[in-house]
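Presented below is the structure to which this report refers.
The values are calculated or read from the model by the stated rules, or taken from the named source; none is laboratory data. What you are looking at is a predicted structure, and each value in this text was computed from that prediction instead of being measured. All Cβ positions, glycine included, derive from the backbone under ideal geometry; neighbour counts span all protein chains shown. Note: areas computed on protein heavy atoms with side chains; ligands, DNA, RNA excluded. Shrake-Rupley method; radii C 1.70, N 1.55, O 1.52, S 1.80 Å.
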Amino acid sequence: MLVLQLLINGLQVGALYALIAVGFSLIFGSTKIFHFSHGATFTIAAYVFYYLYSMANMHWVIATIGSAASAVIFGILLDKFVYAPIQRHEGSFFTIFVGSFGVGIVVQNLIGMIFGRGFVSVATPLSMSVELLPDLYVSPLSGIAIICALIFFIALHFFLKNTYIGMSMRALSENAELIRVYGMSPRRLSTIIFALGSLLVVPAAIISAASTGLNPAIGHHVMLISLAATIVGGVSSLAGAACAGLLLGLAENIALMYFEPQWSEAVTFIVLFLFILFRPSGFFGRKIAS
């Protein structure tokens, strides 16, 4: 029964990791910007929901809309006022990374100043686990996490495959100059990509707030998962990032059978190193001939 319990928990965590990883992979694969502040987007979305729902006592629908709006606005502003100026001055990949890293640190410290540096959590009726079988407890949030991930992935697949903007976003990852030839602005597409990638972390942020809790430094864990899933799944492969996120969530929870909880995060590094050694192209990445 313990194995089944850990598998169910792993599916919930994996679904959330998949959402986080796909958001990062979408931004990085399309714009080639190492968006370290993806973790800050998660943190902002989670704490805005916590404030509106738990502190301001607003309805969960309003809190969810506020959380989504804050994430999208943060992503757009970051793209327009941090990344775009650096790119206009022909800043290097490393310069953009440093700028993004700095924004992430600022957000972490601002959150700590406003809400404190301890753990906080959102108490909801859905957070309570229900005993389905003897010694098997499942929270409704597990099902919600999986359903949210499926809905978002199906909608994203349809958007990228069947809409003009979606096809342009895919083309941007291959050749930005080709986008200009067809009369579209890579900068405008970049803004849409950041908005969409930021939106994908919102369900994970809200469910994490209601299940495992939050602290201002949680963005670092989010970035670890995002980076590991992008490499394990294959750079620029959204399907690979989703599968890798699910794999990492399952691996972290199954590891609890053999290791203390504080070592579960090390499993992410073990999986990452194994893929780097034996399959550096990831699940669905394309091999590059030397």
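The Cα center of region 158-201 and the Cα center of region 102-116 differ in position by 31 Å. In sequence order, region 47-54 has phi-based couplings of 6, 5, 4, 4, 5, 5, 7, 8 Hz under the Karplus curve 6.51 cos²θ - 1.76 cosθ + 1.60, θ = phi - 60°, and Gly or Pro positions carry x. Positive contributions from Lys and Arg (+1) and negative ones from Asp and Glu (-1), summed over other residues with Cβ under 12 Å from the Cβ of PHE194, come out at +2.
Placing PHE36, PHE101 in order of accessible area, with the largest value first and a 1.4 Å probe, yields PHE101, PHE36. Residue ranges 245-258, 1-14 sort as 245-258, 1-14 when ordered by packing (mean number of other C-beta atoms within 10 Å per residue, highest first).
Each residue of region 127-139 was assigned a 3J(HN,Hα) from its phi angle through the Karplus curve 6.51 cos²θ - 1.76 cosθ + 1.60 (θ = phi - 60°); the sequence is 6, 6, 7, 10, 7, 7, 9, x, 6, 10, 10, 10, 8 Hz, with glycine and proline shown as x.
Mind checking Rg over Rh on the chain, alpha carbons, Kirkwood formula for Rh? With Rg and the Kirkwood Rh in hand, the quotient comes to 0.97. Placing a label point 7 Å from the Cα of SER129 along the Cα-to-Cβ direction, the residues of region 194-221 with a backbone N closer than 19 Å are 207-214. Residues considered: GLY234, GLY75, GLY99. Largest GNM mean-square fluctuation over the chain, using C-alpha springs under 10 Å, is found at GLY99.
Roughly what angle does helix 186-211 make with the longest principal axis of the chain, taking Cα atoms, 0 to 90 degrees, to the nearest 10? Once rounded, the angle reads 10 degrees. Packing around the peptides 143-153, 18-28, 265-275, taken as the average count of other Cβ atoms within 10 Å per residue, puts them in this order, highest first: 18-28, 143-153, 265-275. I'd like the distance between the alpha-carbon centres of region 220-254 and region 5-80, rounded to an integer number of Å. So the separation of the two Cα centres works out to 15 Å. Couplings for region 235-240, taken from phi via the Karplus curve 6.51 cos²θ - 1.76 cosθ + 1.60 with θ = phi - 60°, read 4, 6, 9, 5, 4, x Hz in order; Gly and Pro are left as x.
Backbone amide hydrogens, once placed in the peptide plane, bring PHE283 within less than 5 Å of GLY233, GLY234, excluding anything fewer than 5 places away on its chain.
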